[in-house]
Amino acid sequence: MRALTSIPAAALSAAALAAPAAAEVTAEQVWDDMRGYLSSFGYTVEATETRAGDTLTVQDVTARVTLPEDGGTLTVEMPQLAFTERGDGTVAVIYPDAAEIRMSARPPGEEAVDATVQVAQSGMDVTVSGDDTQMTYDYAADRLGLTLSDLVVDGTPVASENLSGTFVMRGMSGQSVVTPGELRGLDQTVTADQVSYDFSVVPPEEDGRADISGSMEGLAFTGTARIPADLNMEDLAATLEAGYAFDGRFGYTDGRTEFLVEENGETMRGTTRSDRTEFNAAMDAERLAYGISGAGTEIALQSPEIPFPVEAAMGSSGVSIAMPVGQTDDPQPFAFEISLRDFTMAEEIWAMVDPTGMLPREPADLVLDLSGEARILGALFDPEAMQGMAMSGERPAELHALDLAQLLVSAAGAELTGEGSFTFDNTDLTTFPGMPRPEGSASFRLEGANALLDTLIEMGVLPQEQAMSARMMMGMFAVPAGDDAMESTLEVTEEGRVLANGQRIR
C-alpha cells in the first residue's frame, strides 16, 4: 500500500524536474537591455553601477547622442536608476522623480541654441518580466511632465517671462515587449487619460507675443518596430536595407487648441476642436504608408485683417497614402485618398460672395480615391541614386495601373461623380509622347451644373460668354441623362484612340 501511495508523489517529482524553469529576468539583464536600446539609436551611455542584495543601483546616468550632420548633441541625465529583483522572476525599475534633457544645437550657419528641459514624474510603476530572449515592460504613471527650464540663443539667455513651455501626460499606462538581437523587436501599446500643453513666446524688446495651449483626451497608441543594432537615420536607404521598420497608430478624442498672436498692436486668435483624430504611419524597405483622419472638426478664427469671425466645420476628413519605395522587378500596389465630408462655413463667409443667399448653403463634399500599381526603378531614399537618374533622364518609377474608385465633388447645388480604370503599356512611349500608353475607360455624371451656371450669371459672378463656353464643353464630352444631369464615358483603346461616349476625339 505504501508503495502504491508513493507512485503519485514520485510522478509529481519527476514532472517537476522535467518541466522547464519559469521565465526569469535579472536586474543586470534589464539594465543591459535598456542600454542596448539607447545604443541602437546612437547614444553613448555612462553610469556607475552598484549591486547590494537584490537591487542594482545605477547612478549618474548620462546618455548622449550626436545630432544629425554634427549639428550638436542631445543629453539625457538621471541622478539614479534602481533595478530590484522581486523574487518572482520580475524586476521593478525605480525611476527618479526628476531628470533632465539638455540640447546643444550647432546647425551649420545658424545661431547656436542651448536648451534644458526638466522631466518630472509621479506614481510611476515599471515591472519587467520575461528573460534575456524577450522582456516585457509593464508601466504606469499618474503624471509625466516636461517643462522648458532655460534657453540660451547665441550665448544670450532667454528670460523665463519671454519663453515658457509645458507638456503634461496624466493617467498613463502601457506595455512594451522587447526582443533583443541584431534586429531588435519592439511591440508597444500606450494609453493616457489626458495630455495638455501650453507654450508662450514673448520676444524681448518687441511688441508682441504668441501663445498656444490645448489638450487631448483618451490617447491610445499601438505599434511595432524593428531596429537594427547600428541604426543610422542619416543614411535612410542603408538603414531600411538593414531591416529597420515601423508600423504604428495613434489616436485621441476631444482635441482642443487655442492660439493667440499679437504683433504691431494687432491680435489674431483662434480655436480648433475635434471629436476624434487618428494618425497612422508605416515604413520598411518596400513600402511607405501614412494617414490622418478626423471627425467633428471645428475651426474658429478672428483676425484684424478679417472684419468678422471665420468659422468652419467638417463632419469628417482624411488623407492617406501608401506606396512602394523599394526597387522591385514587379509592379507593386499604391493608393491615395483624400476626403472632406459635410464641410460647412459660417454665414458671414457666405455673405462675402453671396450676400443675397442665392446659392444653396448645403454641406460640401470632396472625395478622391485612387489606387493602382507602379514599379520603382531606383532606391527612392538614396539621394545620390535619385540625383544620378535625374541627370541621366531616367524615370524613377513606372506606372502600370490606375483605378479611380470614387470621385465626388458636391457644392453649391451641383455634384460631380466618377469612376474608372486604366492600364499602362510602358514599352510604348510614342503613341502618347513621353508617357506610357493607357488603355481603359472612366465614367462621370454631373448634376445641377446648368442651374449653378444660371445662378452665377444672375449674381454677376460669371459673364454670359464664359458660361456659354462651359456649356459647349459639357456638350462636347457629355450626353443628357435627365433633368439638369449629364453623363460621359471617356475611353482609350488599345490602338491609342480616345473616345467620348463612343465618338472619336483623337
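The values are calculated or read from the model by the stated rules, or taken from the named source; none is laboratory data. Because the structure is predicted, anything quoted here is derived from the model rather than measured. Counting neighbours? That spans all protein chains shown, and the Cβs are built from the backbone with ideal geometry, glycine included. Ligands, DNA and RNA are excluded from the accessible area calculation, which covers all protein heavy atoms including side chains. Shrake-Rupley method; radii C 1.70, N 1.55, O 1.52, S 1.80 Å.
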Rg/Rh for the chain, where both radii come from Cα atoms and Rh is the Kirkwood radius: 1.07
The range 426-490, relative contact order in percent, only Cα pairs under 8 angstrom and at least six apart counted: 37 percent
Kirkwood Rh for the range 406-449 from C-alpha pairs, in Å, is 12.4 Å
Per residue, how much accessible surface does the chain expose to a 1.4 Å probe? Answer in Å², no decimals. 56 Å²
Treat each spin label as a single point 7 Å out from the Cα along the C-beta direction, and report the A500 to D342 distance in nm. 3.7 nm
So what does the Cα-only Debye profile of the range 199-358 read at q = 0.10, 0.13, 0.18 Å⁻¹, as log10 I(q)/I(0), no solvent term? -0.62, -0.89, -1.11
Note on the range 20-99: C-alpha Rg/Rh, Kirkwood Rh, two decimals, gives 1.06
What is the angle, in °, between the Cα long axis of helix 449-459 and the longest principal axis of the Cα atoms in the chain? Nearest 10 is fine, range 0 to 90. 80 degrees
Which far-off residues, 5 or more places away or on another chain, put their amide H under 5 Å from the one on A112, with H placed in the peptide plane? D154
Residue separation times 0.36 nm, minus the C-alpha to C-alpha distance between T44 and L183: what's the value? 48.1 nm
So between E161 and S320, what do we pick up on full extension, going 0.36 nm a residue minus the alpha carbon distance? 53.2 nm
Counting as exposed only GluC sites (Glu not before Pro) in DSSP loop states with no more than 13 other Cβ atoms inside 10 Å, the longest exposed-site-free span of the chain is 1-109
Whole-percent carbon and sulfur contribution to the accessible surface of the range 114-229 (1.4 Å, no ligands, DNA or RNA) stands at 54 percent
Amide H to amide H, which residues 5 or more places from Y244 or on other chains are under 5 Å from it, using H placed in the peptide plane? none
Assign unit charges at the C-beta atoms only (+1 for Lys and Arg, -1 for Asp and Glu), then state the dipole size of the range 60-131 relative to its Cα centre in Debye, rounded to the nearest 20. 40 debye
Accessible-area order (highest first, 1.4 angstrom probe) of the listed residues S160, S441: S160, S441
Here the residues of the range 120-151 lying in the modelled label zone of R86, meaning backbone nitrogen under 20 Å from a point 7 Å along Cα-to-Cβ, are 122-143
Per DSSP H run of at least 4 residues, take -39500 (n - 2.57); add these up for the chain, divide by its residues and hand me the 222 nm value, nearest 500 deg cm²/dmol. -5000 deg cm²/dmol
Taking a point 7 angstrom from the Cα of A467 along the C-beta vector, which residues in the range 334-363 have backbone N less than 15 Å away? 358-360
When only Cα pairs under 8 Å and 6 or more residues apart are kept, what is the percent relative contact order across the range 155-227? 34 percent
Given the range 110-239, what whole percent of its Cα pairs are spread farther than 19 Å? 67 percent
Heavy-atom accessible area order for Y197, Y95, largest first, 1.4 Å probe: Y95, Y197
What size of dipole, in debye to the nearest 20, comes out for the chain about its Cα centre when the only charges are +1 on Lys and Arg C-beta atoms and -1 on Asp and Glu C-beta atoms? 1140 debye
Protein-only accessible surface order, largest first, of V492, V409 at 1.4 Å: V409, V492
For the range 251-373, what relative contact order do you get, as a whole percent, if you take Cα pairs closer than 8 Å and at least 6 residues apart? 18 percent
For I306, what accessible area in Å² do you get when you roll a 1.4 Å probe over the heavy atoms of the protein chains, rounding to the nearest 10? 60 Å²
Measuring from a point 7 Å past the Cα of A112 along Cα-to-C-beta, which residues in the range 141-177 have an amide N at less than 15 Å? 151-158
Could you give the Stokes-Einstein D for the range 129-192 in µm² per second, using the C-alpha Kirkwood radius, 4 °C, 1.567 mPa s? 87 µm²/s
